[in-house]
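This report concerns only the one structure given below.
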Amino acid sequence: MRPKVIAMDFYANLKIWIRSKGTLFWSLAFPVILIFLFGAIFSGMDDVEYSLYVQDLDDSDMSEVFIEVLKETGVLSIESVKDDINITSYIKDENIKRLIVIPEGFGEDIKKASFDTSVTVTVSFYLDPGEQQSNQVVKSIIFSIIQNMNMNISQGRDIIKLKEVSTMTDDFNFIDFFLPGIIGMTIMQSCIYGSIERNTKYRKDGILRKLLTMPITRAEWIFAKMLFMLFLSFISSALIILVGVFVWDMTINITPFMILIIIASSFLFSGIGMIVGRFVKEEETADTAGGAIGFPMMFLAGTFWPVDQLDPVMQGIAKVLPLYYINEGLRNAMIYMNEAETIRNSVIVIVFALVFFIAGLVLTKWHED
Amino acid sequence: MVEKIVRCPECSKITTFYGNPGDCLSVTCPKCGIKGKVTFKKTVTTENVAIEVYNLKKVYGDLIAVNDISFSVNKGEVFAFLGPNGAGKTTTVEIIESIRKPTAGVIKILGKDIKTSFNQVKEKIGILPQEFHSFEKLTVRETLEYFSMFYKKRVNIDDILDVMDLRSYEKMLYKNLSGGLKQRVGVAISLVNDPDIVFLDEPSTGLDPKARREVWNVISSLRNKGKTVFLTTHYMEEAEYLADHIAVIHKGKIIAEGSLEYLLDKYGHGSLLRIKKCKDPNAVEMLKDKGFEAESEGNGNISIKIDYKDKVINVLSQLRYEGIDYDSIEIRRSNLEEVFLHLTGAKLSEENT
Ligand SMILES: Nc1ncnc2c1ncn2[C@@H]1O[C@H](COP(=O)(O)OP(=O)(O)O)[C@@H](O)[C@H]1O
Ligand SMILES: [Mg+2]
């Protein structure tokens, strides 16, 4: 590999990119516009229903009142769980996202507490750490209800306490959820389309045929193109992050895993583009095919809203989509700082990237028939 | 096949004979009928040969796109591969350029078998693929710089711009150029490494007559610089105007090969002398009596086949001698269209529509 050739090719790509208003728009302006728009639209807005399972071990008037209040918020759909069920295995088997347990003696203890200041009652809140966004909303609802009850019973002493069975410390809002999704989406778009263009337009225009007769190796060509795609991914990501930090006052962590996921995603989607380019000859058809892959993936893989709000079938689909793991990985690496989830998603993304990029290399027709 | 040009010792007619190296053929002068022998050189010295193609075959499913063809291209000549659309020109040229793989056959470029040594040849060839379109968003100069950086040997970009008459467009984006200029840039790109052999696949297709002329001038200048040019075309005028050597390809087969003169001589009707509005109805008979191949075309027009140039004078002197008056004369040369018609029964230009 000759560094000079790669540098020159990179430079030519840069010039072409800067002069192409379309690509410039999609890779830079579009994600920024989305961040502005959606940030403004969604800040403070929430009208979705979240499921909440409730096991009432007390079954008293007081516990019924508590459940009634939860229902009246209109945001939670309450499902009751029989009191003889083992919670730990139930959550696992039924894939329950959120569940609270009202302990036995809940009503009695609250009555006692109004004269005995040493008595407290603990409501346990089990939550799935992979569902931070929705959990956050539900947690704040339950919490404010408990605050209210404490206020009414004892003028503010913490009689009823909420015990979380999963660690959730920070306070996240929609833009925190949204921004990593936009990074994933932008990388997906520019890499799929960039790679499709190289494999269909360049083929039709004879540029690939010409390259075959020139002293450039396949490795040099691929390396130069991937270098440019990485550059594009990082430029887009950096711009999106800057808007997040300076406009929406976000706390974003630039971590090695974030970088790793961005690199892997660029390879992954370039590979997908190569595969599309192999099977579709016409440039326009190829773009349509690229869109047909990119758009549904964007909506299903949790770019704009949490996947756990989709119906179970859709959730199942989401979990085979590489973009889902990119989104989750980026969120955990940049925002939630959940190390275990970051590593898990990164590994999945890297595996996807290897599979698709190698498949792309193998399937690409380097010679004509 | 090799060619040998021979002058008849009797009537001085120049004829091109074809044969295999080492062959000794008995030949007859087409004009005066005298018999003689022609010996062809034993070895084709590869020193003079740029491209050698042996028994090349390419099959696509049921279709034999290129059917067992052999030919060679000499250094410094413009070799035209002439044939209608779908004849197998691009398939052949792209196999020679190692873009496609042959079903069978051996190809050597500058003496090197491309199957094993194509990488050594890359520096020495320049190609313009059929319907080539370069990067839309690069200027002419940037385009040439881009394609030249891959090569060890590079021509100064300013020199190419001057030679190709592209100087005034160097800052224009490729996408804004006219069709003719795009093709000129395409040819210029194929020259950035100062190649010995230039492959041009239908360089003037789709251009208007003026732009086509410009491309022709460029190709002529390549020959003048001593480059070997492998040109494919379906325009017979292009082959007539540019080529030193023409191979006519039809349905994957080379059906005729040689210099323009040879092809016209062998397959054309020769030149025709037309006597317009001849005043004597017996003129045709008189000319036939004198041994000329004369025919009446109606309206008093007579056409006489001319197979050597003095014949024109002979015909005209005969007419004057007999005191036969006429309005005017016209000499029509045979062309490749007629050669193609003769060989295939079809018109080249019609096969392309
Ligand atoms: N990749 C291919 N697959 C199938 N058939 C092909 C392919 N390329 C060319 N052909 C066929 O081979 C024949 C010769 O084509 P081509 O070499 O392009 O002709 P030309 O360049 O003389 O117009 C045509 O009939 C064409 O349809
Ligand atoms: Mg062709």
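The values are calculated or read from the model by the stated rules, or taken from the named source; none is laboratory data. Just so it is clear, the model here is predicted, and its values are computed rather than measured. With ideal geometry, Cβ positions are generated from the backbone for all residues, glycine too; neighbour counts draw on all protein chains shown.
Listed here are the residues, each with its yes/no results for (1) of a type in the set (S, T, N, Q); (2) out of contact with any Pro (no Cβ under 6 Å at 6 or more places or on another chain).
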residue	(1), (2)
B:Ile95	no, no
B:Ile99	no, yes
B:Gly105	no, yes
B:Ser117	yes, yes
B:Tyr146	no, yes
B:Arg154	no, yes
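Considering only segment A:339-369, how many residues are more than 14 Å from A:Ile222 (Cα to Cα) and within 14 Å of another protein chain (Cβ to nearest Cβ)?
3
Between a residue in segment B:70-91 that is within 14 Å of chain A (Cβ to nearest Cβ) and farther than 22 Å from B:Glu337 by Cβ and any residue that is near ligand 1 (Cβ under 6 Å from one of its atoms) and at pLDDT 95 or above, which pairs come within a Cβ distance under 7 Å, given they are 6 or more apart or on different chains?
Qualifying pairs under 7 Å: B:Thr91/B:Ala65.
Answer with yes or no whether B:Leu110 is on the phi > 0 side of the Ramachandran plot, buried (at least 16 other Cβ atoms within 10 Å of the Cβ) and either more than 12 Å from chain A (Cβ to nearest Cβ) or in contact with a Gly (Cβ under 8 Å, 6 or more places away or on another chain) (or both). Spell out how you get there, then give the answer.
Details: on the phi > 0 side of the Ramachandran plot: yes; buried (at least 16 other Cβ atoms within 10 Å of the Cβ): yes; either more than 12 Å from chain A (Cβ to nearest Cβ) or in contact with a Gly (Cβ under 8 Å, 6 or more places away or on another chain) (or both): yes.
For B:Leu110, the condition - on the phi > 0 side of the Ramachandran plot, buried (at least 16 other Cβ atoms within 10 Å of the Cβ) and either more than 12 Å from chain A (Cβ to nearest Cβ) or in contact with a Gly (Cβ under 8 Å, 6 or more places away or on another chain) (or both) - is met.
Would you pick out the residues in segment A:1-14 that are buried (at least 16 other Cβ atoms within 10 Å of the Cβ) and facing another protein chain (nearest Cβ under 10 Å)?
Selection gives A:Val5, A:Met8, A:Asp9, A:Tyr11, A:Ala12, A:Asn13.
Only one of these is of a type in the set (Lys, Arg) and within 16 Å of ligand 1 (Cβ to nearest atom): B:Lys251, B:Lys277. Name it. Reasoning before the result, please.
Values: B:Lys277 fails: within 16 Å of ligand 1 (Cβ to nearest atom).
Going through B:Lys251, B:Lys277 in turn, just one is of a type in the set (Lys, Arg) and within 16 Å of ligand 1 (Cβ to nearest atom): B:Lys251.
Check off (1) assigned to a helix (DSSP H, G or I); (2) over 24 Å from the mean Cα position of the chain (by Cα); (3) over 23 Å from A:Glu284 (Cβ atoms); (4) in the same structural domain as A:Trp26 (by TED's automatic domain parsing) for A:Pro215 and give me the number that stays unchecked.
Failed condition: (1).
Looking only at residues in segment B:60-74 that are within 19 Å of B:Glu257 (Cβ to Cβ) and of a type outside the set (A, V, I, L, M, F, W, C), which one is surrounded by the most Cβ atoms within 10 Å (Cβ to Cβ)?
In this case the residue turns out to be B:Ser72.
Restricting attention to segment B:66-73, does a residue exist that is β-branched (Val, Ile, Thr), within 16 Å of ligand 2 (Cβ to nearest atom) and either part of a loop (DSSP other than H, G, I, E, B) or touching a strand residue (DSSP E or B) at 6+ places or on another chain (Cβ under 8 Å) (or both)?
yes
Of everything in segment B:130-145, what is within 16 Å of ligand 2 (Cβ to nearest atom) and either of a type in the set (Asp, Glu) or crowded, with 20+ Cβ neighbours inside 10 Å (or both)? Give them in sequence order.
Within segment B:130-145, B:Glu131, B:Phe132 meet the criteria.
Looking at segment B:118-129 only, could you name the residues that are more than 7 Å from chain A (Cβ to nearest Cβ), crowded, with 22+ Cβ neighbours inside 10 Å and not hydrophobic (A, V, I, L, M, F, W, C)?
B:Gly126
Can you find, within segment A:306-349, the residue that is modelled with the highest pLDDT among those that are among the acidic types (Asp, Glu) and closer than 22 Å to A:Thr255 by Cβ?
Result: A:Glu328.
Table: residues versus (1) modelled with pLDDT of 80 or more; (2) under 27 Å from the mean Cα position of the chain (by Cα).
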{"site": "A:Leu76", "(1), (2)": "yes, yes"}
{"site": "A:Asp84", "(1), (2)": "yes, no"}
{"site": "A:Ile87", "(1), (2)": "yes, no"}
{"site": "A:Glu94", "(1), (2)": "no, yes"}
{"site": "A:Lys97", "(1), (2)": "no, yes"}
{"site": "A:Ile102", "(1), (2)": "yes, no"}
{"site": "A:Ile110", "(1), (2)": "yes, no"}
{"site": "A:Val123", "(1), (2)": "yes, no"}
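In this structure, does B:Pro195 turn out to be within 14 Å of chain A (Cβ to nearest Cβ), within 16 Å of ligand 1 (Cβ to nearest atom) and of a type outside the set (S, T, N, Q)?
Spelling it out, it is not the case that B:Pro195 is within 14 Å of chain A (Cβ to nearest Cβ), within 16 Å of ligand 1 (Cβ to nearest atom) and of a type outside the set (S, T, N, Q).
Could you tell me whether any residue of segment B:112-134 is at pLDDT 95 or above, of a type in the set (Lys, Arg) and more than 16 Å from ligand 1 (Cβ to nearest atom)?
There is at least one residue in segment B:112-134 that is at pLDDT 95 or above, of a type in the set (Lys, Arg) and more than 16 Å from ligand 1 (Cβ to nearest atom).
Counting only residues that are modelled with pLDDT under 75 and over 21 Å from B:Val93 (Cα atoms), how many does segment B:23-46 have?
Adding up the residues that qualify gives 5.
Among the residues of segment B:75-92 satisfying the criterion of being within 21 Å of B:Gly226 (Cβ to Cβ) and aliphatic (A, V, I, L, M), which is surrounded by the most Cβ atoms within 10 Å (Cβ to Cβ)? Quick ask: steps written out before the conclusion?
Step one: list which residues in segment B:75-92 are within 21 Å of B:Gly226 (Cβ to Cβ), which gives B:75-81.
Narrowing the set further to residues that are aliphatic (A, V, I, L, M) leaves B:78, B:80.
Working: B:Val78: 23, B:Ala80: 29.
Of everything passing the filter in segment B:75-92, B:Ala80 is surrounded by the most Cβ atoms within 10 Å (Cβ to Cβ).
Looking for something of a type in the set (A, V, I, L, M, F, W, C), touching a residue at least 12 places away in the same chain (Cβ under 8 Å), within 14 Å of chain A (Cβ to nearest Cβ) and within 27 Å of B:Ile246 (Cα to Cα) - is there at least one such residue anywhere in segment B:143-159?
no
Need at least 1 residues that are in the same structural domain as A:Ile187 (by TED's automatic domain parsing), in contact (Cβ under 8 Å) with a residue 40 or more places away in the chain and within 20 Å of A:Ile175 (Cα to Cα) per element, so show me which helices (runs of 4 or more DSSP H) inside segment A:278-369 make the cut, counting only ones lying wholly within it.
A:283-300, A:322-331, A:339-363
Inside segment A:47-69, can you point out the residues that are outside any helix (DSSP H, G or I) and within 33 Å of the chain's Cα centre (by Cα)?
If the condition is that a residue be outside any helix (DSSP H, G or I) and within 33 Å of the chain's Cα centre (by Cα), then A:Asp47, A:Val48, A:Glu49, A:Tyr50, A:Ser51, A:Leu52, A:Tyr53, A:Val54, A:Gln55 are the ones that fit.
Among the residues of segment A:248-259, are any assigned to a helix (DSSP H, G or I) and buried (at least 18 other Cβ atoms within 10 Å of the Cβ)?
Looking only at segment A:248-259, we keep the residues that are assigned to a helix (DSSP H, G or I), and these are A:256-259.
When the remaining residues are screened for being buried (at least 18 other Cβ atoms within 10 Å of the Cβ), the result is A:257-258.
Yes: one or more hits.
Is one or more of the residues making up segment B:93-101 in the same structural domain as B:Ser204 (by TED's automatic domain parsing), more than 16 Å from ligand 2 (Cβ to nearest atom) and of a type outside the set (S, T, N, Q)?
Yes: one or more hits.
Exactly one condition in (1) closer than 17 Å to A:Ile262 by Cβ; (2) modelled with pLDDT of 90 or more is false for A:Thr303; which is it?
(2)
Say whether the condition of being surrounded by fewer than 21 Cβ atoms within 10 Å (Cβ to Cβ), touching a residue at least 60 places away in the same chain (Cβ under 8 Å) and either away from ligand 2 (no atom under 15 Å from the Cβ) or more than 14 Å from chain A (Cβ to nearest Cβ) (or both) is met by at least one residue in segment B:44-55.
yes
Give me the strands (runs of 3 or more DSSP E) completely within segment B:268-308, filtered to those with at least 1 residues that are within 18 Å of B:Tyr321 (Cα to Cα) and over 32 Å from the mean Cα position of the chain (by Cα), ordered by residue number.
Of the strands (runs of 3 or more DSSP E) lying wholly inside segment B:268-308, those with at least 1 residues that are within 18 Å of B:Tyr321 (Cα to Cα) and over 32 Å from the mean Cα position of the chain (by Cα) span B:271-276.
Of the conditions (1) assigned to a helix (DSSP H, G or I); (2) within 14 Å of chain B (Cβ to nearest Cβ), A:Val245 fails just one. Which one is it?
(2)
Would you say B:Lys101 is free of Cβ contacts under 8 Å to residues at least 12 places away in the same chain and within 13 Å of chain A (Cβ to nearest Cβ)?
Answer is yes for this residue.
Across segment B:61-100, what is the number of residues that are out of contact with any helix residue (DSSP H, G or I) (no Cβ under 9 Å at 6 or more places or on another chain), among the small types (Gly, Ala, Ser) and within 11 Å of ligand 1 (Cβ to nearest atom)?
Qualifying residue count for the region: 2.
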